[in-house]
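Here it is, the structure, as C-alpha cells.
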Amino acid sequence: MASTDSGPHKSAVERIEQPDMIYQPQRTARAYTSVRKYGWLLTVLIALGGQFFSFLGLFVPFIMALMIGLSLSKGLYFCGNFCPHGSYYDVPLFKFSRLKSIPYFFKNKILVTAIFLFFLVNVNLQLNSAIQSGEAAFVNRIGSVFARVYLVVFMVATVLGLLINSRTWCYFCPMRTLQIMGYRIGKKLGLTEGRDELITIKNKEKCVECGKCSRVCPIQLKPYPVLKYKVQGDQLKDEHCMRCLVCVKNCPVEVLELAKERGK
Ligand code: SF4
Ligand code: SF4
C-alpha cells in the first residue's frame, strides 16, 4: 500500500492510475455548519439512549428516507453534510483517531456487498418478527431494532475510527451502498440534471500541486491530481464524493469549488 505525498508532479498521472495509491491524511477542521458540529449528539442519543427508550430508534427510518431521497439527485451529499454518524466521525471521533490511511481493502466490492446483504437480511428478519409479534407495543419493538443497528454501527465504527481513521466505516457503510444505488437510478432517470453539484477546478493553471485537497479528504479521494491532470474534464466525477467541501476550504489558492454538474 503506497502512502506518500512527496514529488507531486512526477508521479501525478501514476497516482490517478493506481487507485490504492493514497495520500497521508492530514488533520483539519471538517465541521462547518451546526448540523455537522452537533449532529453526532443524535447518534449518541439513538445508539445509547435507544437501548432504554426504544422509541428513539424510530428516528432512523426518517433519516434513511431523507438519505435515499437526497441521493437520487445529489449522490452522497447527505453523508458529507447531514449524516449524524458522519458528524460523529468528523468531530469527537476525529479528535482521538490515529488518522492512518484507510486500507483500500475496505473498499473491496465483495466485502461491501457482503456487509450490505448482511444488514439487509438481518434488519428485515428482525423487523418481520417485530411486526408479526402482534403485540400492542410492536412500534416500540421496531424502534428497538433500529436502535440496536445504530449501536452496532456506533461500536464497530468507533473501534475502526480509533485504530485506523475516523471515516473507515464509510468505506463499506450499507447506507452508503444504498445511496450510491439511488444516485445511479437518479442519473438514469435524469433527476441529477440541474441539481447535482461536483467538486470543480476553476483554473488548472493556478493549482500549485501541493496535494492538500487530497490529504484532507475524509475518504481519501484525490481531487489532486485527478482534476489537474485527468482528461475527463474540470469536475470530479467520483460517485463516492460526499460534497463535504473539506478540499475546497483547504485549497491554499482557492481554486476549487462546488459547482453544478456540467454534463458530459
Ligand atoms: S473530494 Fe472534497 S468534497 Fe469530495 S469527499 Fe473529498 S474532501 Fe469532500
Ligand atoms: S489544494 Fe488546491 S493548489 Fe493544492 S493540489 Fe489541491 S487544487 Fe491544487
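The values are calculated or read from the model by the stated rules, or taken from the named source; none is laboratory data. The structure displayed is predicted, hence computed values, not measured ones. Virtual Cβ from ideal backbone geometry, glycine too; neighbours counted across all protein chains shown. Accessible surface areas use protein heavy atoms only, side chains included; no ligands, DNA or RNA. Shrake-Rupley method; radii C 1.70, N 1.55, O 1.52, S 1.80 Å.
Using per-residue counts of other Cβ atoms within 10 Å, averaged over each peptide, order 80-86, 67-73 from highest down.
In descending order of packing, they fall as 80-86, 67-73.
Rounded, prolate or oblate: pick one for the chain, where a ≥ b ≥ c are the square roots of the eigenvalues of its C-alpha gyration tensor, a/c under 1.5 means rounded, and failing that, prolate if a/b is larger than b/c, else oblate.
prolate
With +1 on each Lys and Arg Cβ and -1 on each Asp and Glu Cβ, how big is the dipole of the chain about its Cα centre, in debye rounded to the nearest 20?
360 debye
PRE reach from residue 110 (point 7 Å along Cα→Cβ): which of the range 171-197 fall under 20 Å by backbone N?
What the label zone holds, given the 20 Å backbone N cut-off, is 171-174, 177.
Report the full-extension gain for the segment residue 62 to residue 193: residue separation times 0.36 nm, less the Cα-Cα distance, to one decimal in nm. The partial results should precede the final answer.
On the way: separation 131, 0.36 × 131 = 47.16 nm, distance 2.53 nm.
Full extension from residue 62 to residue 193 adds 44.6 nm.
Which of the pairs 107/212; 204/249; 95/260; 74/100; 100/187 have their Cα atoms more than 26 Å apart in this structure?
On the way: 107/212 22 Å; 204/249 17 Å; 95/260 33 Å; 74/100 29 Å; 100/187 34 Å.
Cα-Cα > 26 Å for 95/260; 74/100; 100/187; rest within.
Send over a whole-number figure in Å² for the accessible area per residue of the chain, probe 1.4 Å.
That works out to 50 Å² per residue.
Here's another thing I want to ask about it. With a ≥ b ≥ c the root eigenvalues of the C-alpha gyration tensor of the range 143-185, is it rounded (a/c under 1.5), prolate (a/b larger than b/c) or oblate?
oblate
OK, next. Ignoring ligands, DNA and RNA, what percent of the 1.4 Å accessible area of the range 34-187 is carbon and sulfur?
Here carbon and sulfur together make up 75 percent of the probe-accessible area.
Next up: Starting from the Cα gyration tensor of the range 148-235, take the square roots of the eigenvalues, sort them a ≥ b ≥ c, and report rounded, prolate or oblate (rounded when a/c is under 1.5, otherwise prolate if a/b is larger than b/c, else oblate). Present the calculation step by step, with values, prior to reporting the outcome.
Values: a/c = 3.70, a/b = 1.33, b/c = 2.78.
Oblate is the answer for the range 148-235, as a/c is 1.5 or above yet b/c matches or exceeds a/b.
Considering the convex hull of the alpha carbon atoms of the range 34-187, report its projected area averaged over all viewing directions, in nm², one decimal.
With the hull built on Cα positions only, its mean projection is 9.3 nm².
Taking the Cα centre of the chain as the origin and placing charges on Cβ (Lys, Arg +1; Asp, Glu -1), which of 129, 233, 99 is farthest toward the positive end of the dipole?
Result: 233.
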